[in-house]
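The values are calculated or read from the model by the stated rules, or taken from the named source; none is laboratory data. Since the structure is predicted, the reported quantities are computational estimates derived from the model, not experimental observations. Please note: Cβ atoms are built from the backbone with ideal geometry, for glycine as well, and neighbour counts cover all protein chains shown. Surface areas here come from the heavy atoms of the whole protein model, side chains and all, with no ligands, DNA or RNA. Shrake-Rupley method; radii C 1.70, N 1.55, O 1.52, S 1.80 Å.
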Amino acid sequence: MSIRDVYIVDAVRTPIGKFGGALASVRPDDLAAHVVRALVDRSPALDPARVDDVYFGDANGAGEDNRDVARMAVLLAGLPVTVPGVTVNRLCGSGLEAVIQAARAIALGDASVAIAGGVESMSRAPWVLQKPERAFPAGHQQLHSTTLGWRMTNPRMPAEWTVALGEGAELVADKHGITREQQDAFALASHRKAAEAWAKGLYDDEVVPYPGAELTRDECIRDNTSMEALAKLKPAFRPEGGTVTPGNSSPLNDGAAALLLVDEDGLRETGREPLARIRTSAVTGIEPQLFGLGPVAAVRRALEKAGRSFADLTTFELNEAFAAQSLGCLAEWPELDPEIVNPRGGAVAIGHPLGASGARLAGSVAHQLAAAGSGTGLAALCIGVGQGLALVLER
């Protein structure tokens, strides 16, 4: 059996909304449907019935995104009911996992045309209530927020594995001696690059605003922030001696992203030139509390599988869950030129809607490679509970 080449024909995303912001009134299944519909509409020569499957990442799935949000997106987008959909969960890597699974299906000949993406509404993530251990409890019951992080933790888990995500970032800062000033400088650069990219129109080809929502640009970008403003923010996880603050962390967000993946036959049917070709991917594990360093081994493994090195990369989208974890990863890749990392800004500025971020990164790399005309790009994320995921693209 021969392995087929897999091409990214197109990639779209919504502007990323802030928690409780412009997209907070939009259900996650509607956000997902919007990017699916926009993607199909941008390839009018392709019969939507030719889509063999729709893969969507979703990290929570506890609210309106339940019942297989990928299939809900297909139906709400008005695609033929014959088009199936599957939802995947690798927490922060869910959107990239969806791309990888769709690409794998095409490479093996199980599909010719697929849509892959991700969605998250952290604003609308519900509180959940566990069922009581016995009937008619007399005491109060605990509600758990599903917005982010550990909840209903298994008591068999070692305590050091279940620290808060921000404490995990502090541990990475400890490990690599990353200062508060370095983290704030990284965050400032992220905001400046994102603002500049928007001002130059670099996101015009991929961002599709949600109808009726007054949001045409990523909502969390702070054009006028400064080192002085960032320095005033208090540590969020270690009150005494902490370095991780709201200013050098990714915010809570809402958004969706989707990519159109095809083989050679599907490419001919679209009548379009692909943005990029998928080369390899890799996933690795690490101690849960050091999740922020998860991409380190995954990136090296993906590059090795592709027969490439850091010197071959022309662009690298690394999800900025926290400035500390991004700087920690960069410290362990001394061969990498940091100037090619997140050239259009990263998640500290743009935002991190959990299930959508990986698809956003893959789409951004594809668009950057298309704009350059050639090159090798990489998308990677750290993942809570200790994993790393990476994807290599080429043009």
Can you give me the % of accessible surface on segment 174-250 that is carbon or sulfur? Probe 1.4 Å, all protein chains present, nothing else counted. 50
Residues other than Ala229 with Cβ under 12 Å of its Cβ, Lys/Arg counted +1 and Asp/Glu -1, net out at -1
Residue of Cys220, Cys92, Cys382 that the Gaussian network model of the chain assigns the largest fluctuation, springs spanning Cα pairs under 10 Å: Cys220
Peptides 26-32, 239-245 ordered by average Cβ neighbours within 10 Å, highest first: 26-32, 239-245
Beta bridges by DSSP in the chain, antiparallel share as percent, to the nearest 5: 70
Axial C-alpha extent at least 27 Å, average Kyte-Doolittle at least -1.0 - helices from the chain (DSSP): 180-199, 354-372
Whole-percent carbon and sulfur share, accessible surface of segment 1-139, 1.4 Å: 53
Counting only residues 5 or more places away or on other chains, whose amide H sits under 5 Å from the amide H of Phe237 once H atoms are built in the peptide plane? Val244
With -39,500 (n - 2.57) per DSSP H segment of 4 or more residues and division by the full residue count of the chain, the 222 nm estimate, nearest 500 deg cm²/dmol, is -9500 deg cm²/dmol
Hey, could you pull the Cα Rg and Dmax for segment 185-241, both in Å? 15.0, 45
Gap separating the Cα centres of segment 203-230 and segment 1-27, nearest whole Å: 16
Value in Å of the Kirkwood radius, where the chain supplies the Cα pairs that are averaged: 20.9
Based on the alpha carbon coordinates of segment 1-40, what radius of gyration and maximum Cα-Cα distance (Dmax) apply, in Å? 15.1, 50
Quick one: check the C-alpha center-to-center distance for segment 35-106 versus segment 259-325, whole angstrom. 19
Amide H neighbours of Gly346 under 5 Å, at least 5 residues apart or on other chains, H built in the peptide plane: list them. Ala194
If amide H atoms are modeled at 1.01 Å from N in the peptide plane, then the residues at a separation of 5 or more from Cys92, or on another chain, having amide H under 5 Å from its own are Gly384
State the volume of the convex hull built on the alpha-carbon positions of segment 120-234, expressed per residue in Å³ and rounded to an integer. 205
What accessible area per residue comes out for the chain, rounded to a whole number of Å², with a 1.4 Å probe? 41
